[in-house]
Amino acid sequence: MSGNRRVFGIRVVCFIAGMCVGGVLAGFKMQDIPAGQETGKTWERQEQSPVDSTLDDPTECYLCGNHNRSLMSMFRGRDDLGAICVNDWYVMDMQIRNLDGMGGGGFGWTVGAEGVCSFQTDRNPERGISEVTVEYGTNSIFDVKKVQNHLCQTCLDKLLEVMDCYGYEGEESGARDICLVDFQTLELYSLQEHYISHYIRDYYVQVDGRDGEELEVTGIYTPVLENGERTTDVAMESENKYN
Ligand SMILES: [Zn+2]
């Protein structure tokens, strides 16, 4: 076992039970157990070990601060979600809704620098739906050294928490450098599970990464209904916020 990370061995039965207990944020659906378990190796949850931030000035934090290298300052506070390619800190806004005329809709393709994630987007803000396909790059395994110097301790801790992943006993963490962000609350959500869904405020997000090469993230605006109708409060609240 590698010394720089804590590995918690959970046998498959416990793993399944744990998913039922642990689905606090997410409505888990059963994920596929990959082939190879017949080798007798334990399929286990791999947590990231705690890391100290080396950022001197917290106001320069890429997530909660104002460093000009981070796109977060463009999106922070918006009532929308985004995906972050962590190693090179690229922030993709999902534009689930057409807020402030920023949601143009249609297809888009964003190719990152060599080796990092690329994004294909298919946005339909008129209906409150956005589909983002993340194509992993060759250097898409999460590397904490790339962000240790750019995130304050609070944000670094938040990030490490959503970088848990599953793998075989004794193997290096294969966590992909991708996570979901709520621009309004700055909470982060995991995109590591093969098949997972999140309820985030008025949004429902479904994540499908079962083919291993890419990840499909579908975000839908699904405000809470009362007797089958959208509540007036919700409509008024969002009007007030953006007028
Ligand atoms: Zn921060």
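Values quoted throughout were computed directly from the atomic coordinates according to the rules given, and no laboratory measurement underlies them. Everything quoted here is computed from the prediction, not taken from an experiment. Note: ideal-geometry Cβ built from the backbone for every residue, glycine included; neighbour counts use all protein chains shown.
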Discussion item. I'd like to verify a number: residues in region 62-76 that are near the ligand (Cβ under 9 Å from one of its atoms) and within 18 Å of the chain's Cα centre (by Cα), how many?
Written reply: 3
Response to the item:
Restricting attention to region 86-138, the residues that are within 16 Å of the chain's Cα centre (by Cα) and of a type outside the set (Asp, Glu) number exactly 20
Worksheet entry | Qualifying residues in region 146-156 (those that are within 12 Å of the ligand (Cβ to nearest atom) and part of a helix (DSSP H, G or I)) - the one nearest to ARG176 (Cα to Cα) | LEU156
Item to complete: Can you tell me which residue among ASP80, ASP122, ASP143 is crowded, with 21+ Cβ neighbours inside 10 Å, in contact (Cβ under 8 Å) with a residue 12 or more places away in the chain and more than 16 Å from the ligand (Cβ to nearest atom)?
Response: ASP80
Worksheet item: From the list GLU216, GLU172, which residue is touching a strand residue (DSSP E or B) at 6+ places or on another chain (Cβ under 9 Å), touching a residue at least 12 places away in the same chain (Cβ under 8 Å), of a type in the set (D, E, K, R) and in a loop (DSSP other than H, G, I, E, B)?
Response: GLU172
Worksheet item: Based on what the data block shows, is THR185 part of a strand (DSSP E or B), touching a residue at least 12 places away in the same chain (Cβ under 8 Å) and of a type in the set (Val, Ile, Thr)?
Response: no
